[in-house]
Every structure is written in structure tokens, then in C-alpha cells.
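Worksheet: one structure, shown below.
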Amino acid sequence: MEKRTTFSKWSVGILFAVPQLLLIFTFFYWPAGQAIFWSLTLQQPWGGGNIWVGLDNFKSILANADYWNSVTISIIFAAISTSISMGVALILAALTDRQLKGSKFYRVVLIWPYGIAAPASAMAFRFILAPEAGFMSVVNHYWPGFWDPGLDGTAAMASIIAAFSWKYTGYSFIFFLAAFQAIPRSLIEAAAMDGSGVIRRFWDIQFPMITPTIFFLLVINITESFQDSYGIVDIMTSGGPHNSTNLMVYKIVFDGFRGLDYSGAAAQSIILMLLIIVLTIFQFRFIERRVHYR
Amino acid sequence: MVERTPILNFFTHVILFLGFIVAVGPLAIVAIAASHNLSEVNQVPMSLVPGTDFWINIKTAWTTANLGPKLLNSLIFAGGVAAGKVIVSALTAFSLVYFRYPGRGFIFWLIFVTLMLPLEVRIVPTYAVAANVLSPYQAILDVTGITWLIERISGIQVSLDLGLLNSYPGLILPLVATATGTFLYRQFFLTIPDELTEAARMDGAGSLRFFIDILLPLSRTNMAALGTIMFLWAWNQYLWPLLVTTDPSHATAVTELKQLIPNVGGLPEWHIAMAGTLIVMVPPLAVVVLMQRWVVRGVIATEK
């Protein structure tokens, strides 16, 4: 859609865009370019010039077992937490949309976790899932040593997944409910009059109509699981035990700021950027085909 | 409800109630744990009956983590990001929709790309820019030879240096630098009828006049929604404030949470930790509760 009536002094028009352009140049394009440059050079931590090394940084990262561990667990984290948050949110939104008594209440309350900061959610779950106090301690009371996220990598992973999925269930719920409510009631009523039951209507009418939302949330949830996980890991596990929760963003920040390995951190950032871009494009290309847009 | 489905209705109520427990349970546990004393909070299993030490714990957490100034920092930070986004996005969208100039398509594309890459993946070089926000411009002067020229002519060595670490602009500006919001305004401006612009122009209004007197008042709902979402988003940021505020006097409430993780050894002070967590949780939660309508609108509008 284009506007026909516009203002003629286009020099003034450009001025309106200048604040944003300055901001994105300084804090987006320059750092992004810097990341590419650093990834191709050997950067001295305390200044003192840099040496062009081409793709050596990438080669050494890709030859590093710790790095591959970080990639693998990030993908596991993304897959499981996205399935949980979207699955639970889909069920809750579909049921809230049935508009039984009390649905207004659920519509309000189920959004709450969205407002909680990921690190605060991590702190709450760190207590709830602590081995010596809180609620999982009951399990340890009967089977001593069964649950200890401080020592057991799987338990640590389960903990960060719980904290992340909890917050993002609230987020996905907002979108799913909006999508369900956008479906005309008359359509559902017509189908009901034709004798189809609730389940049948869900699969044949509602589900196909919300596939664009599913597709959209899939992209958002996966990319957020790569970004917003930093605070959760930092509060709950600090990447441990034995790197079992050392997700990609956490490793980048750790290598960059603690290890002062700017070149390695930059190369990892570039790979993560590419991963996010590829995921987004992949999902657009392959999932969108099966999506029914109205 | 279209037909009578008593069994399904029963299960709907059960599942929604379970969902309610899962959504609100952790919040309730935080609040209850914050009301226990040291031995109660470490009881196995923890009692779900609230204790009596709520205000004592809140006070202890408040002073231990020095939360007063931290909450104020969070407020300034989140408010600044929200205001920055609302203003900058509106200006840019106005420029893109209401003017025709060469390179408009390119600018549109430049802005659009910023939606793809989050701050987290370019965090190390962004930190370097925040340490000296003029470094990109210095580099341009160096590469183009202007530094050399100025030194030759005037003898003055140009070295631009403006550090933003431990400052509000350093906290705020990098988060304002993506285009969330610009496209929300763009979509909205495109729905405003041309006749309105024509009428304004006929009455002799210039672009600035039209923007302030007509466009902005019409976009009040968009501003409320975008502002609410951006406030929540910024309040809940962790990594960037953590890096930029090395000096605790500029730290935000969320980054201070880490100070409250109980030490290993002895009974862990979870009651204090949970009291602090509760204090950090309450402001954004209050925004969600009070601004429910704008939150839902804002989330859906900014992301889509």
C-alpha cells in the first residue's frame, strides 16, 4: 500500500529518519561489522593492533569439542523448551477460547509469567528445584541424591528448561488466544450445526486457521531461546556442571569478557548470527508452504 | 459455547485450573517463601502456610541488595528505552510513509535488517562502542585521511572519546537502536486516509504541523501499547545492564538478583533471596496487571 498524498520537501523527510539512522549505525551496523572484522583477525585483548588470520578463528572453533557441546545443548534446549511452552500455551488458549465460565479470569492470569524477567523466573525456579530446600527436596528425602542440578548435568538442563518454558508459555498464550479469537464464531457455530464435535472442529477449522501463528511463534521462541537464556543460565547454573548448560550466548560472553578472547567470541557470534538467520529463512521457506493464510 | 458437552467442559475446567496452578504457583511460592524465617524456609517440604516474617525479609533484602537506588535505575532505564522507542520509531515511520526521497527503499531495508539480529549476538563489539561511542566516527576520520589532514593543517591530533559505560545513555541507547516499533507505526500510518493529509495541506499545515497536531494524537493507542511493551522488555533486560554497569551505583534491579543467591555452606537464606526476587518481580507484574489491554495489543503489534 502506498500513500498518494505526501509532503514535497523531502530534505525535511530525511531529517525525521536521522535519529534512527544514527542510532542503528552506531549501535548496530558498526558493532556487527566489527564482529565480522574481529572474527577474521587475531585481536589483542589490551590493544596493540590485530593480525589478519582469515578463517583461522572459525577453524579453531569448529575443531573445539567444547564449542560443539555448546551448539548441541543449545539446540536441545531450544527444541525442548519451545515444544513445552508452545504445546502448553496452545492447549490452554484453545480451552480458554471455549469461553466457559471463568475464561475471562484465565485470560488475565495466564499472561502473568510474560511480565516476569527471565532471571527472576530463574531465581524462583532455582529455589523451587533446589536439592536441599524448596520442593524437589521432597524427592531427595525419599531417594537421597536423586536430584542435584549442581552435580547432574541432565538435572541442570531440566532446571533451565523449566524456568525458560514457564516464562514463554505466557508469551505464546497471548498470541494463540488472539489467533483463536480472530476466528469468526459464526464459522464454529455453522460447523456445530452441521454436527461436528468440538475435537473435530478444532482439527478441521481452528488448527488450520492458526497455523500462521504457530509458524510465527516457532521462529520467535527458537530465536529467544538462543538470546534470552543468558540470564537464566547465569542465575541458575553458571554454565555448569561440566559445561552441561554452557549455551551458545553464555559461552560467547564468557569467552569474550572473561577469557578476553575477542576473536573467538566474535567468530562464535558470527556463527550464531548465521544460525538465527538460516533458521528464520528455513522456517519461512519450508514451514510457510504448509501454512494456510486467510 | 455452542452445544452441551458436559464431559469436555469438566476436563476444560480441570486443565485450565492446572494451567492456573502452573502459571501462578511459582509466584505464590516466591511470596510464601519470602514470609518464612530461616528454618521454616529450609523445612522439607516447605510449608505452604505463610509465615510471619514477610516485612522483615523484605526489609533485609531491600538493604542487602541496596534495592532502592537499583529500582530507581531500572525505572529510568526502562522509561528511557520506552520513551526512546516511541519517539524515534514515530519519527522514522513518518519519514518513510509521508515523504518520497531518493534512497528511501534502501533506508527502509537498512532499518528492517535490525529486526533480525538481537543485541546478544553482537554483544562484545557493542560493548566496545559503548566504551567509546565516538570510536566509529574516529575510525571513519582515520580511514578517510581527515585526521591526518587536520593534524597537518592545524597540528591538532583528533581523538574523539566519549565513554558511555556506567551511564544512562550507555544503558538506554543500544537498546533503542533496533526497529521494533517503526513497523508498527508504519502499518498504522498507512491506514490513515489520504483525505486527511490533503485537508491538512489545503489548510496550510506543513509536515511538522501535520505530524504533531494530527498524526501523533491519532496514534495514542499505538504509543500506549508500544510504550508498555518496551517498558516491560527493558525492565527485564539482564545481559546488557550487567555488562555496561560495572559500577554498582548504575546497576538495575534485575542484575542485582545475582547478589541474592544464597551462599553454599550452612542453611541457605532462601527467604531473603525470595523476598528480593519478589521485589524485582512486582513492578513489571503490576504493569501487566494494570495495563493488560495494552500489553496484549503491544505484544501482538510489535512482533508481527
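The values are calculated or read from the model by the stated rules, or taken from the named source; none is laboratory data. Predicted, not measured: the structure shown is a model, and the values here were computed from it. With ideal geometry, Cβ positions are generated from the backbone for all residues, glycine too; neighbour counts draw on all protein chains shown. These area figures cover heavy atoms from the full protein model, side chains too; ligands, DNA and RNA do not enter into them. Shrake-Rupley method; radii C 1.70, N 1.55, O 1.52, S 1.80 Å.
For this structure, a couple of remarks:
- Only one of the listed residues (A:Ile91, A:Ile80, A:Ile75, A:Ile51) is aliphatic (A, V, I, L, M) and loosely packed, with under 14 Cβ neighbours inside 10 Å. That residue is A:Ile51.
- Filtered residues of segment A:214-257 (kept if on the phi > 0 side of the Ramachandran plot and either within 9 Å of chain B (Cβ to nearest Cβ) or touching a Phe, Trp or Tyr at 6+ places or on another chain (Cβ under 6 Å) (or both)): A:Gly239
- The set of residues in segment A:244-273 being in a loop (DSSP other than H, G, I, E, B) and of a type in the set (A, V, I, L, M, F, W, C) consists of A:Leu247, A:Leu260.
- Once segment B:171-191 is narrowed to residues that are open to solvent by 10 Å² or more (accessible area, probe 1.4 Å) and of a type in the set (Val, Ile, Thr), the residue that is farthest from A:Phe28 (Cα to Cα) is B:Thr191.
- Here the condition is being under 21 Å from B:Ala301 (Cβ atoms) and of a type in the set (Gly, Ala, Ser); of B:Ala179, B:Ala131, B:Ala139, it holds for B:Ala179 alone.
- Residues of segment A:77-123 that are over 27 Å from A:Thr154 (Cα atoms), under 18 Å from the mean Cα position of the chain (by Cα) and assigned to a loop (DSSP other than H, G, I, E, B): A:Ile111 alone.
- Residue list for segment B:198-225, filter: within 8 Å of chain A (Cβ to nearest Cβ) and either surrounded by fewer than 18 Cβ atoms within 10 Å (Cβ to Cβ) or over 22 Å from A:Val18 (Cβ atoms) (or both): B:Glu198, B:Arg201, B:Gly206, B:Leu208
Okay, residues lined up against (1) among the basic types (Lys, Arg); (2) touching a residue at least 60 places away in the same chain (Cβ under 8 Å); (3) open to solvent by less than 10 Å² (accessible area, probe 1.4 Å); (4) part of a loop (DSSP other than H, G, I, E, B):
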position: B:Gly266; (1), (2), (3), (4): no, no, no, yes
position: B:Gly276; (1), (2), (3), (4): no, yes, yes, no
position: B:Pro284; (1), (2), (3), (4): no, no, yes, no
position: B:Val295; (1), (2), (3), (4): no, yes, yes, no
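- Selection of first residues in segment B:189-204 that are assigned to a helix (DSSP H, G or I) and of second residues that are open to solvent by 20 Å² or more (accessible area, probe 1.4 Å), restricted to Cβ pairs under 6 Å at least 6 apart or on distinct chains, gives the following pairs, ordered by first then second residue: B:Leu190/A:Met1; B:Asp194/A:Arg4; B:Ala200/B:Ile214.
- The residue pairs whose first member lies in segment B:1-14 and is at pLDDT 85 or above, whose second member is among the charged types (D, E, K, R) and surrounded by 11 or more Cβ atoms within 10 Å (Cβ to Cβ), and whose beta carbons are closer than 6 Å, counting only pairs six or more residues apart or on different chains, are B:Thr12/A:Arg98.
- Within segment B:106-159, tally of residues that are of a type in the set (Val, Ile, Thr), under 22 Å from A:Val253 (Cβ atoms) and not in a helix (DSSP H, G or I): 2
- The number of residues in segment B:253-290 being of a type outside the set (Gly, Ala, Ser), under 13 Å from A:Ala120 (Cα atoms) and out of contact with any Gly (no Cβ under 6 Å at 6 or more places or on another chain) comes to 15.
- Picking from residues in segment B:28-53 that are part of a helix (DSSP H, G or I) and at the interface with another protein chain (Cβ under 7 Å from one of its Cβ atoms), the one that is farthest from the chain's Cα centre (by Cα) is B:Val41.
- Within segment B:109-133, the set of residues being over 15 Å from A:Phe28 (Cβ atoms) and crowded, with 16+ Cβ neighbours inside 10 Å comprises B:Asn132 only.
- Residue tally, condition part of a helix (DSSP H, G or I) and either on the phi > 0 side of the Ramachandran plot or within 12 Å of chain A (Cβ to nearest Cβ) (or both), over segment B:54-79: 3
- Hey, B:Ile21 surrounded by 13 or more Cβ atoms within 10 Å (Cβ to Cβ) and outside any loop (DSSP other than H, G, I, E, B) or not: no
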